[in-house]
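Down below is the structure, laid out as C-alpha cells.
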Amino acid sequence: MPKFNKPKLNQPKLNQSKVNKSKLDDRPDPSKSLPSQSELPVVQLDETIVAGRRPKPLNDFQRLLAEVPEFSSGFDPEMFAHLHESIPFSLKQFESKIRKILGSKNIDVSLENSAKYLEYIKQNIQLPCHVTGIEEFEWEEEYTIGSGSKKEYARLKKTQPSSTDRFKINRFEDFRVEEEGIFVEVQRVGECQKFMLPLSELESVDMISPNNQLLDDYAVWVANY
C-alpha cells in the first residue's frame, strides 16, 4: 500500500519585534511608583442592614390549623404557640417535683406515697375530667396483640372498658387508694356504664388542659418508681 507524505503547513512566523509586551503581561511594572491614596477612586459601600425578627417555626397544632381551614374556624393559632414539638425530659427536675408532691426524699411507689399523691391530685385536678386509655387495657391485649377473635372483641367492648373509649371523672369521691396505686371510677361518655380503672392507665383527652400534665406525671411516677 503506497505511503503518502503529510503535507507541510506553512505556519506564519511571529515577529518578536512587533509584539506589544504590555498586552501579554498585565503585571505591574515594579519600576513605576504606585498611585497615592488620594488618587485612588472612591468606593461606595452599601451599609444597609436588614433588621427584623425571624418568625418562629410553627408547631404541629399551628401547622394543622394553617393547612386545614375547616379546623381553624373559631381557633386562634397563637393559643397553641406554647406547645413545643419536643420538650426534653429532665430526670432531675421530675424527681424534685415528685419529692415536693410527697413531701419526702423517698419517692418510691407505696401505699403511703399513693395516698399523698392522691391528695395532690384532688387539689389540682379540674372536674369533670375527660380521659381515655394510654394504651390497651390488659384484657384487650389478647385481641389487639394476640390471636383473639375480632368479632368477640367487638362484643366484649360493649360491656368492658376499652382504651379506645372516652370516660369522664365526675367527683373527688370517685378516687380511692389501693396497694397497686390510685384507682378511679369513670363513666363511659354517652352511657351510664361505670368502671373502676387504674389512674396510671389513663390520660387526658384535652392536651391543653392542666389535667394532661397532672395525669402524665402520675403515670410516669407509677411506671418507673
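Of note:
- Residue count, the stretch 97-122 (criterion: closer than 17 Å to Asp216 by Cβ and either at pLDDT below 95 or open to solvent by 100 Å² or more (accessible area, probe 1.4 Å) (or both)): 1
- Residues of the stretch 164-183 that are under 13 Å from Val222 (Cβ atoms) and out of contact with any Ser or Thr (no Cβ under 6 Å at 6 or more places or on another chain): Glu178, Glu179, Glu180, Phe183.
- Complete set of residues in the stretch 132-155 that are modelled with pLDDT of 90 or more, open to solvent by less than 40 Å² (accessible area, probe 1.4 Å) and not aromatic (Phe, Trp, Tyr): Thr132, Gly133, Glu140
- Criterion (among the acidic types (Asp, Glu), within 16 Å of Glu138 (Cβ to Cβ) and modelled with pLDDT under 95) met by exactly one of Glu173, Glu201, Glu178: Glu178
- Selection of first residues in the stretch 130-142 that are under 14 Å from Leu215 (Cβ atoms) and of second residues that are small (Gly, Ala, Ser) and not in a loop (DSSP other than H, G, I, E, B), restricted to Cβ pairs under 9 Å at least 6 apart or on distinct chains, gives the following pairs, ordered by first then second residue: His130/Ser204; Val131/Ser204; Thr132/Ser204; Ile134/Ser200; Ile134/Ala219.
A quick yes/no check of all residues on (1) closer than 27 Å to Gln123 by Cβ; (2) hydrophobic (A, V, I, L, M, F, W, C); (3) free of Cβ contacts under 8 Å to residues at least 24 places away in the same chain; (4) crowded, with 16+ Cβ neighbours inside 10 Å:
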{"position": "Ser162", "(1), (2), (3), (4)": "no, no, no, yes"}
{"position": "Asn170", "(1), (2), (3), (4)": "yes, no, no, no"}
{"position": "Arg188", "(1), (2), (3), (4)": "yes, no, no, no"}
{"position": "Leu197", "(1), (2), (3), (4)": "yes, yes, no, yes"}
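- Residues in the stretch 199-211 that are in contact with a Gly (Cβ under 9 Å, 6 or more places away or on another chain) and either open to solvent by 30 Å² or more (accessible area, probe 1.4 Å) or outside any strand (DSSP E or B) (or both): Leu199, Ser200, Glu201, Glu203.
- Selection status of Ile182, within 28 Å of the chain's Cα centre (by Cα) and either free of Cβ contacts under 8 Å to residues at least 40 places away in the same chain or under 28 Å from Leu91 (Cβ atoms) (or both): no
The values are calculated or read from the model by the stated rules, or taken from the named source; none is laboratory data. Because the structure is a prediction, the values reported are computed rather than measured. Positions of Cβ are backbone-derived with ideal geometry, glycine not excepted, and every protein chain shown enters the neighbour counts. These area figures cover heavy atoms from the full protein model, side chains too; ligands, DNA and RNA do not enter into them. Shrake-Rupley method; radii C 1.70, N 1.55, O 1.52, S 1.80 Å.
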